Amino acid sequence: AQSVTQLDSQVPVFEEAPVELRCNYSSSVSVYLFWYVQYPNQGLQLLLKYLSGSTLVKGINGFEAEFNKSQTSFHLRKPSVHISDTAEYFCAVSARNGFNKFYFGSGTKLNVKP
Amino acid sequence: EAQVTQNPRYLITVTGKKLTVTCSQNMNHEYMSWYRQDPGLGLRQIYYSMNVEVTDKGDVPEGYKVSRKEKRNFPLILESPSPNQTSLYFCASSRMVRETQYFGPGTRLLVL
């Protein structure tokens, strides 16, 4: 089985500052990695995903993430946040080997302050 | 418009009264999944389906049933709900496991 740890439950940051949301995973097999965002009172939508190839993945709204296999991490970054980025962010993992379960982290609430 | 719909959006029920939450997608997706979201726990997968008549347990299947008789529909059934099933439920679909999952708007369930 796989598991995901999001180390920070809440991250406060001022508008236009950079932010990093941390995600570590555990798996005995190769994985696909995802970041989803949930705006208040909405469902989740995909920010970005890592399937293979370049370890730096760019997503929507200026977010990017880097897959680090040796550290089993997939941290999400944005160089300059906006008030509209206030939301909850979820890291997720699924195994490549045909086991089709999804595992989500506990989420990080990003609070962007003016 | 491509979408995943869930009904009802809000439901209050009592312990032991069977209920069904419907989920439907119009994108011809093969992979469908049910999650529950609880504060501090994130989303946990209840059941998933790879295609019609192919379903399997996720991480927290106890107390739930599903069926996939048609490609577009994936209902979640609680045969005897209990208060610990009070939660926010999401249905999602994708073309394949590694593709983008599209989430429904959620169903907030309260079991008294």
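Can you name every residue in segment B:42-77 that is touching a strand residue (DSSP E or B) at 6+ places or on another chain (Cβ under 6 Å) and hydroxyl-bearing (S, T, Y)?
B:Y47, B:Y48, B:S49, B:T55, B:Y64
Of all residues in segment A:23-44, how many are more than 7 Å from chain B (Cβ to nearest Cβ) and in a strand (DSSP E or B)?
Number satisfying all stated conditions: 10.
Take A:L44 and decide whether it is in contact with a Phe, Trp or Tyr (Cβ under 9 Å, 6 or more places away or on another chain), modelled with pLDDT of 95 or more, surrounded by 12 or more Cβ atoms within 10 Å (Cβ to Cβ) and under 19 Å from B:Y102 (Cβ atoms). Before the answer, list the steps.
Working: in contact with a Phe, Trp or Tyr (Cβ under 9 Å, 6 or more places away or on another chain): yes; modelled with pLDDT of 95 or more: no; surrounded by 12 or more Cβ atoms within 10 Å (Cβ to Cβ): yes; under 19 Å from B:Y102 (Cβ atoms): yes.
The answer is no for A:L44.
Can you find, within segment A:78-114, the residue that is surrounded by the fewest Cβ atoms within 10 Å (Cβ to Cβ) among those that are basic (K, R) and farther than 30 Å from B:Y48 by Cβ?
Within segment A:78-114, the match that is surrounded by the fewest Cβ atoms within 10 Å (Cβ to Cβ) is A:K113.
In the set A:S80, A:S106, which member is more than 14 Å from chain B (Cβ to nearest Cβ) and not in a strand (DSSP E or B)?
Working: A:S106 fails: more than 14 Å from chain B (Cβ to nearest Cβ).
Only one candidate passes the filter, namely A:S80.
Which one of these is surrounded by fewer than 17 Cβ atoms within 10 Å (Cβ to Cβ), of a type in the set (A, V, I, L, M) and either within 14 Å of chain A (Cβ to nearest Cβ) or in contact with a helix residue (DSSP H, G or I) (Cβ under 9 Å, 6 or more places away or on another chain) (or both): B:M32, B:M96?
Working: B:M32 fails: surrounded by fewer than 17 Cβ atoms within 10 Å (Cβ to Cβ).
Criteria check complete, one pass: B:M96.
Here are the criteria: (1) touching a Cys at 6+ places or on another chain (Cβ under 6 Å); (2) within 11 Å of chain B (Cβ to nearest Cβ). Tell me which single one A:K101 does not satisfy.
Result: A:K101 fails condition (1) only.
Please tell me if B:R108 is among the charged types (D, E, K, R), on the phi < 0 side of the Ramachandran plot, in contact with a His (Cβ under 7 Å, 6 or more places away or on another chain) and surrounded by fewer than 21 Cβ atoms within 10 Å (Cβ to Cβ). Lay out the reasoning, then the answer.
Working: among the charged types (D, E, K, R): yes; on the phi < 0 side of the Ramachandran plot: yes; in contact with a His (Cβ under 7 Å, 6 or more places away or on another chain): no; surrounded by fewer than 21 Cβ atoms within 10 Å (Cβ to Cβ): yes.
No; evaluated as a whole, the condition is false for this residue.
If a residue counts only when it is in contact with an Asp or Glu (Cβ under 6 Å, 6 or more places away or on another chain) and not aromatic (F, W, Y), which strands (runs of 3 or more DSSP E) contained entirely in segment B:7-112 have at least 2 such residues? Can you show your working first?
On the way: elements: B:10-13, B:19-25, B:31-38, B:42-51, B:54-57, B:76-78, B:87-94, B:107-111.
Ranges flagged: B:42-51.
Any residue at all in segment A:49-61 that is in a helix (DSSP H, G or I), modelled with pLDDT of 95 or more and more than 14 Å from chain B (Cβ to nearest Cβ)?
no
Going by the conditions given, is A:S70 more than 30 Å from B:C23 (Cα to Cα) and not in a strand (DSSP E or B)?
Working: more than 30 Å from B:C23 (Cα to Cα): yes; not in a strand (DSSP E or B): yes.
Considered against the rule, which asks whether it is more than 30 Å from B:C23 (Cα to Cα) and not in a strand (DSSP E or B), A:S70 comes out as yes.
Just to be sure I understand, how many residues within segment B:56-112 are of a type outside the set (A, V, I, L, M, F, W, C) and farther than 17 Å from B:T13 by Cα? Let's see the steps before the verdict.
To start, the set of residues in segment B:56-112 that are of a type outside the set (A, V, I, L, M, F, W, C) comprises B:56-59, B:61-65, B:67-73, B:75, B:79-87, B:89, B:93-95, B:98-102, B:104-108.
After this cut, where a residue has to be farther than 17 Å from B:T13 by Cα as well, the list is B:56-59, B:61-62, B:65, B:67-73, B:75, B:93-95, B:98-102, B:104-105.
Selection size over segment B:56-112: 25.
For segment B:1-24, enumerate the residues that are among the polar types (S, T, N, Q) and either more than 18 Å from B:K71 (Cα to Cα) or under 12 Å from the mean Cα position of the chain (by Cα) (or both). Working first, answer last.
Step one: list which residues in segment B:1-24 are among the polar types (S, T, N, Q), which gives B:3, B:5-7, B:13, B:15, B:20, B:22, B:24.
Once the filter is applied, which keeps residues that are among the polar types (S, T, N, Q) and either more than 18 Å from B:K71 (Cα to Cα) or under 12 Å from the mean Cα position of the chain (by Cα) (or both), segment B:1-24 yields B:T5, B:Q6, B:N7, B:T13, B:T15, B:T20, B:T22, B:S24.
State the number of residues belonging to segment B:55-96 that are modelled with pLDDT under 95, touching a Lys or Arg at 6+ places or on another chain (Cβ under 9 Å) and among the aliphatic types (A, V, I, L, M).
Qualifying residue count, segment B:55-96: 0.
The values are calculated or read from the model by the stated rules, or taken from the named source; none is laboratory data. Being a predicted model, the structure only gives us computed values, none of them experimental. Ideal geometry is used to build each Cβ from the backbone, glycine not excepted, and the neighbour counts take in all protein chains shown.
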